[in-house]
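Heads up, the thing below is written out as structure tokens.
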């Protein structure tokens, strides 16, 4: 069993599951938790960072299509098995509470739902505090 969530580095709480980096670079600020897992294949390529959202989305989803859900699931299950926790939280930088920001982690979540039928919820401290975490 695999439960995927997304969050930002600064809002992640260790009780939410296993933090998994899905960015090209690691945070340059100190985190209050260890960040030992990464799936670099889920990071968007540098060459389309500056594209408008529709073009970025198309390019990123094309990369995900090329990787395939089975290969991604295999890598994520490997992390879950190694960490002995089926809750993986895919992390990046953007604060989605700011309506002007968007992020590849939610594009991944949409693609994953389309590819597998499984939802990937965005977490926040409020989500966890309300006890709605799986």
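All of the numbers you see were taken from the coordinates with simple rules; none came from a lab. Note that the coordinates shown come from a computational prediction; the quantities given were computed from them, not determined experimentally.
Normalised by the number of residues in region 3-129, the mean separation of alpha-carbon contacts (under 8 Å, six or more apart) gives a relative contact order of 43 percent. Grouping the Cα pair distances of the chain into 5 Å bins from zero gives a pair-distance distribution of 2, 10, 21, 25, 22, 13, 6, 1 percent in increasing distance order.
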